[in-house]
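Asks: Got a structure for you, written out below as structure tokens; questions coming shortly.
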Amino acid sequence: MSARVRIIGAGLAGSEAAWQCARRGVEVELFEMRPVRSTPAHQTADFAELVCSNSLKSDSENTAPWLLKEEMRRAGSRLLEIARECAVPAGHALAVDRVAFAAKVTEAVSREGRITVRREEVTSVEEDGPEVTVIATGPLTSEALAEEIARLSVSLPTEESEAERASRPLLNGHDSAPSSPHLYFYDSISPIVEADSIDMSRVYMAARYDKGSADYINCPMTAEEYGRFYDALLAAQSVEERDWEKLNYFESCLPIEEIARRGRDTLRFGPMKPVGLKDPRTGRMPYAVVQLRQENLRADSYNLVGFQNHLKFGEQARVLRLIPGLENARFLRYGQIHRNTYINGPALLRETLQMKAHPRVLFAGQICGVEGYVESIATGLMAGMHAAALALGNELVPPPRASAFGSLTHYVTHADAKNFQPANITFDLLPALEKKIRDRKERHRLQCEAALKEFDGWMDRAGAAGTP
Ligand SMILES: Cc1cc2nc3c(=O)[nH]c(=O)nc-3n(C[C@H](O)[C@H](O)[C@H](O)COP(=O)(O)OP(=O)(O)OC[C@H]3O[C@@H](n4cnc5c(N)ncnc54)[C@H](O)[C@@H]3O)c2cc1C
């Protein structure tokens, strides 16, 4: 067995994975295609370039992003350490000087004796050879490698039906998964709200035409409420579209503001259709309805069905709070539509981020189905640990479910494969406490305490913190 790991992509996940392998005594070949070939978003040849904001999210104790960073600190994340060295004032958040951060990561990784850097585009993966491979090529994976990933993913049996295949979105007019149903090329995300922020006195539970159990929350609107909502939606500001990101929206997956632009009543024949949703309190069908569906695996949260949109986050909060029952909604995630290459983790991956069909191939970063800088680094850390264990012939121990690490990988590998969408760390990914605690702050504090206790035990067993 060779103690050698090939890592493709020296972004956030790949750089951390390479470091973790090296510190465990494993030789690494790290492939980065920039500057030979760039992506539409990166501007430099540096590793770990932050392509948009410079924030690594909240550093306030007992928040979910803090918990994830605290676990990374305990597991010896090199990139987090560098981020702290490059921190700039940002209130309760950890924000970095992006130029200094990328330069320091590049220097640290390049100087590490066990890491050999190759500046070239990888277009093929030897899935069943002796070498271990970590694919960490991010949301803008090069086309040739995406084709190769599609080939690796297609060998698994798929349960996707023709109808599901037909409803998959298009990217620039092409099928978003040209040769594999388990690879996607863009996110079409509906907003998610916390369950206890919904005013249940204004909504009702029902299934359309009473078919199946009444699992949906329905927010009914009068003609007047609909009119107010419609006008606000049309007036709301959209996120600026970059040229390379221009999407030819698939008809069944249009952003709500685009549907609204097609006519005053078009939404009432689409995602806000009231037909078959009689309000039991009035016995009548409302003028329009917004449906909320409970998120699988995300405790205590609901998504707004069919409400993918391209509006600025602040605008979304303002407009969506006009929906009856959502006046005080707390948003766990806002709607988005953006370019993002990612695999269907629940169909393809084990909790150790290894492919089920090709265990010597691992995925890390945004491409494995997480969202965000910190989540990408965290999965890079885990993939690096597991890849090193594989190369050394050691046992692979997945992180505990109660931890933020374990909750992220649990989500990536156990979410509903049919509707899989990448997630960032939030409390609704963590398991609920056995005892119901009403006070949110106290509940979160206890969840963090439980997570870190399990995490420390795992590190002792998995040797996550130690170098050989
Ligand atoms: C436009 C955009 C803006 C974003 N803004 C934010 C934000 O503000 N905050 C946030 O938290 N998250 C943001 N994200 C999401 C995500 O956190 C980042 O994309 C993050 O960089 C993902 O880390 P990664 O390691 O998975 O991928 P990356 O950091 O993109 O690293 C992947 C690397 O692989 C290389 N590569 C690709 N294909 C090949 C190949 N075939 N061979 C060799 N190398 C290859 C790339 O050049 C790149 O260096 C954004 C994403 C995009 C696309």
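The values are calculated or read from the model by the stated rules, or taken from the named source; none is laboratory data. Everything numeric in this text was worked out from a predicted model, so none of it was measured. Methodologically, a virtual Cβ is constructed for each residue, glycine included, from the backbone with ideal geometry; neighbour enumeration extends over all protein chains shown. Side chains are part of the model used for accessible areas, which takes the heavy atoms of the whole protein and leaves out ligands, DNA and RNA. Shrake-Rupley method; radii C 1.70, N 1.55, O 1.52, S 1.80 Å.
Asks: Provide, as a two-decimal number, the C-alpha radius of gyration of the chain over 2.2 N^0.38 Å, N being how many residues it has.
Replies: Rounded to two decimals, the normalised Rg is 0.99.
Asks: Further question: Just to be sure I understand: of the beta bridges DSSP finds with both ends in the chain, what percent are antiparallel, rounded to 5?
Replies: Once the DSSP bridges in the chain are tallied, antiparallel ones form about 65 percent.
Asks: If you don't mind, another one. Could you state the accessible area per residue of segment 1-136 in Å², with a 1.4 Å probe and every protein chain left in place?
Replies: Result: 41 Å² per residue.
Asks: Give the carbon-plus-sulfur fraction of the accessible surface of segment 384-442 in %, rounded to a whole number; probe 1.4 Å, heavy atoms of protein chains only.
Replies: 47 percent
Asks: To continue, here is another question. Roughly what angle does helix 373-392 make with the longest principal axis of the chain, taking Cα atoms, 0 to 90 degrees, to the nearest 10?
Replies: 40 degrees
Asks: For segment 11-102, rounded, prolate or oblate, judged on the Cα gyration tensor with a ≥ b ≥ c (square roots of eigenvalues), a/c < 1.5 rounded, else prolate if a/b > b/c?
Replies: oblate
Asks: If you don't mind, another one. With θ taken as phi - 60° and the coefficients 6.51, -1.76 and 1.60, list the Karplus ³J(HN,Hα) couplings across segment 353-368 in order, rounded to whole Hz; mark glycine and proline as x.
Replies: Working through the residues one at a time gives 6, 7, 6, 5, 7, 9, x, 8, 10, 10, 10, 8, x, 4, 5, 7 Hz.
Asks: Are any of the pairs 211/436; 57/441; 69/418; 356/418 more than 20 Å apart by Cα-Cα distance, and if so, which?
Replies: 211/436; 69/418
Asks: Separate question: Would you pull out the residues with amide H under 5 Å of residue 119's amide H, same chain only if 5 or more places away, H placed 1.01 Å from N?
Replies: 32
Asks: Considering Cα pairs under 8 angstrom that are at least six residues apart, work out the relative contact order of the chain and quote it in whole percent.
Replies: It comes to 22 percent, rounded to a whole number.
Asks: Normalise the Debye intensity by I(0) for segment 316-468, one equal point scatterer per Cα, no solvent, then take log10 at q = 0.13 Å⁻¹ and round to two decimals.
Replies: For segment 316-468, the Cα-only Debye profile gives -0.68.
Asks: Can you send over the carbon and sulfur percentage of the accessible area for segment 9-121, probe radius 1.4 Å, protein chains only?
Replies: Ligands and nucleic acids excluded, carbon and sulfur reach 49 percent.
Asks: Shifting gears a bit: Kindly sort 272, 285 by accessible area of their heavy atoms, largest first, with the probe set to 1.4 Å.
Replies: Reading off the accessible areas and sorting them downward yields 285, 272.
Asks: To continue, here is another question. If you take every residue apart from residue 388 with its C-beta less than 11 Å away from the C-beta of residue 388, what net charge results, scoring Lys and Arg +1 and Asp and Glu -1?
Replies: +3
Asks: Right, another one. Counting only helical runs of four or more DSSP H residues, what would the 222 nm mean residue ellipticity of the chain come to if each run contributes -39,500 (n - 2.57) and the total is spread over all its residues?
Replies: -9500 deg cm²/dmol
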